[in-house]
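The values are calculated or read from the model by the stated rules, or taken from the named source; none is laboratory data. Predicted model only: the values in this text are computed from it and were never measured. Note that we place each Cβ from the backbone using ideal geometry, even for glycine, and neighbour counts take in every protein chain shown. Remember, those area values only see protein heavy atoms, side chains included, never the ligands or the DNA or RNA. Shrake-Rupley method; radii C 1.70, N 1.55, O 1.52, S 1.80 Å.
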Amino acid sequence: MASKRIVLKFGSGILTRKDAPEPDPVQLRKLVEAVALLKRAGHSVVVVSSGAVASGLKPLDFSQRPSDVTTLQALAAVGQTHLMHAYESLLRDHGLHVAQLLVTHEDFENADRSPRVKAVLERLMEFSQVVPVINENDSVAIEELRYGDNDKLSSRVARFWGADVLILLTSAPGLLRDMKKPEEGPIPIVEDVDAVIHHAEEEKSALGTGGMISKLRAVQDAVHGGVECIIASGRHAEQIPGLIDGHGICTRFPASRS
Ligand code: GLU
């Protein structure tokens, strides 16, 4: 099987417990196991991980997520170190090391900075035992804190790095056929994401919250940049390696170059 460049995006909603806003160590362990399996299969893996804010709640004695942005930034500053500590110790069990990259959207736009980010990412990937974990640098930038939970960041990283596949792991099993009937499951393949977004914007309730629209916009950006996308449930981390081989419950968006 050919080695692929894979970006995995872990949103806050799948890193935390279902009943509380705090990080769930069991869930994180399962996600890291999936990363390790992909690495063992010879793939290159980059993780785009949220969870900094969530990881800062307990140390700073918050029982729920606050709404003001400066406090969210403060929580992220504390939580990011806890998050990385968790990745570091879980990856070490698989003989892997975490590399932390904190970036802003400007880092991809600025002509001086962007080649440097690219060069260090490529250099890191030469070390097969390293897994880069990228997050927005929330203490200096607030775009993802306010709008995206790293959806946009993940598509940018995927295009920038020339990824083959971007997998957005979320709390839904994919893009549902009918939000009101989740038992009908997700649409297996979407060839025209532009049409789906158009429909979603016209009829927001058809796809639920803006959360899925934010994901679809990220998918749109990535597929037009030549990256295949998959939206799947992060609550079933065991199916992640199979997704790369065409199996599993998910929605697939083939790459296009329009
Ligand atoms: N970068 C943020 C984090 O890692 C985004 C997610 C959020 O708003 O909670 O926590």
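Structure data summary
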item: Whole-Hz couplings from phi, Karplus 6.51/-1.76/1.60, listed for the stretch 56-61; x for Gly and Pro; result: x, 4, 5, x, 9, 6
item: Amide H contacts of VAL48 (H built 1.01 Å from N, under 5 Å, at least 5 apart or other chain); result: LEU8, LYS9, PHE10, ILE134
item: In sequence order, calculated HN-Hα J values of the stretch 2-14 (Karplus, 6.51, -1.76, 1.60; Hz; x Gly/Pro); result: 6, 6, 10, 8, 10, 10, 10, 10, 9, x, 4, x, 9
item: P(r), alpha carbons of the chain - 5 Å bins starting at zero, rounded %; result: 1, 6, 14, 18, 21, 18, 13, 7, 2, 0
item: Cβ-based net charge around LYS4, under 12 Å, with every Lys or Arg adding one and every Asp or Glu removing one; result: -1
item: Total formal charge among the other residues, if their Cβ is under 15 angstrom from that of PRO23, Lys/Arg +1 and Asp/Glu -1; result: +2
item: Extension gain, ARG113 back to SER63 (0.36 nm per residue minus Cα-Cα distance, nm); result: 14.2 nm
item: Among VAL219, VAL120, VAL190, residue whose mean-square fluctuation peaks in a GNM of the chain (springs only between Cα atoms under 10 Å); result: VAL120
item: Chymotrypsin sites (Phe, Trp or Tyr not before Pro) within the stretch 97-156: DSSP coil, no more than 15 neighbouring Cβ in 10 Å; result: PHE127
item: Solvent exposure ordering (accessible area, 1.4 Å, most first) of MET125, MET179; result: MET179, MET125
item: Sparse-neighbourhood loop sites, GluC sites (Glu not before Pro) in the stretch 24-132 - DSSP loop, at most 11 other Cβ within 10 angstrom; result: GLU126
item: In Hz, Karplus ³J(HN,Hα) per residue of the stretch 170-183 (6.51, -1.76, 1.60; θ = phi - 60°; x = Gly, Pro); result: 9, 7, 9, x, x, 8, 5, 4, 8, 4, 7, 10, x, 5
item: Neighbour net charge for LEU60 - beta-carbon separation under 15 angstrom, K R +1, D E -1; result: -2
item: Heavy-atom SASA rank of LYS39, LYS18 (probe 1.4 Å, accessible area, largest first); result: LYS18, LYS39
item: Projected area, mean over directions - the stretch 1-121, Cα convex hull, nm²; result: 8.8
